[in-house]
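In what follows, a structure is listed as structure tokens, so that the remarks can point back to it.
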Amino acid sequence: MIKNYLFIKRTETRGKGVFTNENINADKIIEESPVIVMSAEDRVNLDKTLLHDYIFAWGDKKDKCCVALGFVSMYNHSYQSNCEYFMDFEEETIQIKTVKNIKAGEELTINYNGNWNDKKKIWFDVK
């Protein structure tokens, strides 16, 4: 499920991102997408490709990885994100939920650290 007001668009500095053409209130689930779960061995190979930037650590022990379908892998990182994500290991899905009110035309972002307000430095420079 992806809300029909979400769309992908090129950003000025970060490639493509997820945007909205409607105002969205805080605490609203805007996407739930299935994931494809892969092994730790698969991750070694994926880390050598462009897909490295689009996969998530997966499982209670983070000993697997997954690629999310839908728009999930297209949300850009922000330390002041306006959305957060939740992983359901049993159902093999990721949900995106707003944490702030978002205006039409605004980019939707998540914090790649897992918690929407986590300030820990991530593995790449943020533009």
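If you run the Gaussian network model on the chain, springs between alpha carbon atoms under 10 Å, then out of 61, 16, 103 the most flexible one is 61. In order along segment 57-65, phi translates into HN-Hα couplings of 5, 9, x, 4, 9, 6, 8, 10, 9 Hz, rounded to whole numbers, per the Karplus curve 6.51 cos²θ - 1.76 cosθ + 1.60 with θ = phi - 60° and x for Gly and Pro. When 87, 74, 1 are sorted by how many other C-beta atoms sit within 10 angstrom of their C-beta, beginning with the fewest, the order is 1, 74, 87. Of (i) 9.0; (ii) 6.5; (iii) 7.6, which one was derived for mean projected area of the Cα convex hull in nm² from the structure shown? Among (i) 9.0; (ii) 6.5; (iii) 7.6, the one calculated here is (iii). Over 27 Å apart at the Cα level, from the set 9/100; 61/100; 48/103, are 61/100; 48/103. Were the residues from residue 107 through residue 46 laid out at 0.36 nm apart, the gain over their Cα-Cα distance would be 19.2 nm. Residues whose amide H comes within less than 5 Å of that of residue 101, counting only those at least five positions distant or on another chain, are 26 (H built at 1.01 Å from N in the peptide plane).
Dividing the summed helix terms, -39500 (n - 2.57) for each DSSP H run of n ≥ 4, by the number of residues in the chain produces a 222 nm estimate of -1500 deg cm²/dmol to the nearest 500.
Taken together, the values in this text are just the output of simple stated rules run on the coordinates, not laboratory data. As the structure is a prediction and not an experimental result, all values here were calculated from the model. A quick note on method: Cβ atoms are made from the backbone with ideal geometry, for glycine too, and the neighbour counts reach across all protein chains shown.
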